[in-house]
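Since the structure comes first, as structure tokens, the remarks are kept for the end.
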Amino acid sequence: MKIFFSILFLFPLNLGLTYAQSKNESVISVMKDVDFFDGYAKPVSEYVKPGLVRINNTQYIRKLTNEEKQSIGDSITVKVIVKFGCDDYDRIGRVTLFYVPKDKNYDSPDAKQFELLRIMTPFNYKTRQPDNIPYVTTVNQLAGLFKDKGADIWIMTEIFGTTGAGQKETMGCTGSLLTYTASVNIITNKAKKANSVKPIALLSYFELNGKDTTAGHNAKEILFHLDKTIKSAVLYLITSGHGAGQGGEEYNWREHVIYVDGKEFARIAVNQNCAPYEIYNTRTNGIYGPNIAQERRSWCPGAPVITRAINLGTLTPGNHIIKIAVPDANLLSTQSTYYLSAYVAGQ
């Protein structure tokens, strides 16, 4: 059994293509100052900026232009800035890349999804400082997707929220459905040749809730095929536990077990230190207390969820199976869920 893995720590740090600090660096403005609305309300009819598609109150998507795709180099950073509105609780958001056959829509059954970044909003009051929060991640391993002339790239951003409490608790929010306002940028450097190997999509925001036992207790199994050898293969995993009932997984962290081709490969302690993110939580809450530095959770209000990188070594051509299990989680009894996103990349 191998237990070697690494962790990508994500630290908190207009539509169109602009050039940044060096001639090789460019910034793709996926969206700028876009409003998100109550996920439980009827669909809103507010103006949508050109190029954007509002899927629903909590999701927007945009197709990158050919020029934007061609600007992508070996270095890719995704930066999200969320400005607080009238949802003052901790909510979940994500930025997902849709890899779609040329000229097909993002909802094509042939589309492949790669979650780039998952975020958790803080407990907040929009009238207090800080009134916004930045989230940053690097996804250099996905550069090969942008080089395929036979595919389009769509970027979807979701921030789910509701203003039911905020309308009563936050000044200036009476009757408002506005939850958050967000901007998303892709920053890239074309100084070096991008990795042309296309990553393999496995899971995108899969709901592991304990009901399906096909792969065993609290487990999900994915079969995939390789036409060519992938050297230095890496499994990228984003996972977070949710369920706020008594004993729910939102308050715990659980070891995840990774199996490769039927054999246990790695065990990962899925926990995160929340202390650095206390500053963004300007609203009183039951999580950020005097002992927060000694506590661990699978995610923190006001923080990005950690993207975990598990080194798989060389994967040969043919069929392979990866299984992800959370054996100690109490899913069914507490109505809890782990949301799993995973893909394989390499050279």
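The values are calculated or read from the model by the stated rules, or taken from the named source; none is laboratory data. Quick caveat: nothing in here was measured; it's all calculated off a predicted structure. Neighbour counts are summed over all protein chains in view; Cβ atoms, including those assigned to glycine, are modelled from backbone coordinates with ideal geometry. Areas reflect the complete protein model, heavy atoms only, side chains present, ligands, DNA and RNA absent. Shrake-Rupley method; radii C 1.70, N 1.55, O 1.52, S 1.80 Å.
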Next item on the list: Only helical DSSP H runs with n ≥ 4 go in: add -39500 (n - 2.57) per run for the chain, normalise by residue count and round the 222 nm mean residue ellipticity to 500 deg cm²/dmol.
Entry: -500 deg cm²/dmol
Checklist line | trypsin sites (Lys or Arg not before Pro) restricted to segment 196-244 and DSSP loop, no more than 10 other C-beta within 10 Å | finding: 211, 228
Next item on the list: With a cut-off of at most 10 other beta carbons within 10 Å, and DSSP calling the residue loop, which chymotrypsin sites (Phe, Trp or Tyr not before Pro) in segment 162-258 qualify? Please list them.
Entry: none
Notebook entry, point to check: Nearest 20 debye, what's the magnitude of the dipole of the chain about its Cα centre given +1 on Lys and Arg Cβ and -1 on Asp and Glu Cβ?
Noted result: 880
Next item on the list: Find how much the distance from residue 148 to residue 263 grows on full extension, using 0.36 nm per residue of separation minus their present alpha carbon separation; answer in nm with one decimal.
Entry: 38.0 nm
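Using Cα pairs closer than 8 Å and at least 6 residues apart in sequence, work out the relative contact order for segment 83-148, in percent.
39
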Checklist line | Proximal lysines relative to residue 231, as straight alpha-carbon distance under 16 Å, when same-chain residues fewer than 8 apart are discounted | finding: 198
Notebook entry, point to check: Tell me, what is the percent relative contact order of segment 130-198, built from C-alpha pairs under 8 Å that lie six or more residues apart?
Noted result: 47
Checklist line | Filtered trypsin sites (Lys or Arg not before Pro), segment 139-168: DSSP coil and at most 11 other beta carbons within 10 Å | finding: 149
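For segment 52-129, just run the numbers: alpha carbon Rg, then divide by 2.2 N^0.38 Å, N being how many residues it has.
Working: Rg = 15.6 Å, N = 78, 2.2 N^0.38 = 11.5 Å.
Working it through for segment 52-129, the quotient is 1.35.
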Checklist line | Leading residue at positive end of dipole, the chain (Cβ point charges), from 251, 66, 305 | finding: 66
Check: Over segment 200-316, what percent of the accessible surface lies on carbon and sulfur atoms, probe 1.4 Å?
Finding: 47
Check: Tell me, what ³J(HN,Hα) does each residue in segment 171-184 have, in order and in whole Hz, if you take phi through Karplus 6.51 cos²θ - 1.76 cosθ + 1.60 with θ = phi - 60° and put x for Gly and Pro?
Finding: 4, x, 10, 4, x, 7, 9, 6, 9, 8, 10, 9, 10, 10
Margin query: Could you put 254, 128 in order of accessible surface area, largest first, with the 1.4 Å probe and the full protein assembly present?
Written below: 128, 254
Next item on the list: May I ask you to evaluate 6.51 cos²θ - 1.76 cosθ + 1.60, the Karplus curve with θ = phi - 60°, for each residue of segment 109-118 and list the ³J(HN,Hα) values in order in whole Hz, giving x for glycine and proline?
Entry: x, 8, 5, 10, 10, 10, 6, 8, 7, 10
Notebook entry, point to check: Once phi is turned into ³J(HN,Hα) by the Karplus curve 6.51 cos²θ - 1.76 cosθ + 1.60 with θ = phi - 60°, what whole-Hz value does each residue of segment 255-270 show in order, with x for glycine and proline?
Noted result: 5, 9, 10, 10, 10, 10, 6, x, 10, 4, 10, 7, 10, 10, 7, 7
Note to self: Once ligands and nucleic acids are excluded and a 1.4 Å probe is used, how much of residue 263 is accessible, expressed in Å² to the nearest 10?
What the structure shows: 150
Next item on the list: Would you be so kind as to identify which of 132, 163, 144 lies farthest towards the positive end of the dipole of segment 126-173, taking Lys and Arg as +1 and Asp and Glu as -1 on Cβ and the Cα centre as origin?
Entry: 132
Item checked: Rounded if a/c under 1.5, otherwise prolate or oblate - the chain, Cα gyration tensor axes -> oblate
Item checked: Relative contact order (percent, whole number), segment 190-311, Cα cutoff 8 Å, 6+ residue spacing -> 24
Check: For residue 122, what is the net charge nearby, where nearby means another residue's Cβ is under 13 Å from its Cβ and Lys, Arg count +1, Asp, Glu -1?
Finding: 0
Item checked: segment 76-212, accessible area per residue, ligands and nucleic acids excluded (1.4 Å, Å²) -> 40
Check: At residue 103 and residue 40, where each label point lies 7 Å from the Cα along Cα→Cβ, what is the point-to-point distance in nanometres?
Finding: 4.5
Margin query: Heavy atoms of the protein only, probe of 1.4 Å, neighbouring chains included. What is the accessible area of residue 152 in Å², nearest 10?
Written below: 10
Next item on the list: Using just the alpha carbons, could you tell me how many Å³ per residue the convex hull of segment 147-294 encloses?
Entry: 237
Checklist line | 24 Å Cα-Cα threshold exceeded, pairs from 79/168; 69/323; 49/190; 42/220; 102/147; 104/190 | finding: 79/168; 69/323; 49/190; 42/220; 104/190
Notebook entry, point to check: Based on the alpha-carbon gyration tensor of segment 83-210 and its eigenvalue square roots a ≥ b ≥ c, which shape applies: rounded if a/c is under 1.5, prolate if not and a/b is larger than b/c, or oblate?
Noted result: prolate
Next item on the list: Evaluate the distance, in nm, between pseudo-label points positioned 7 Å from the Cα of residue 47 and of residue 70 along their respective Cα→Cβ axes.
Entry: 3.2
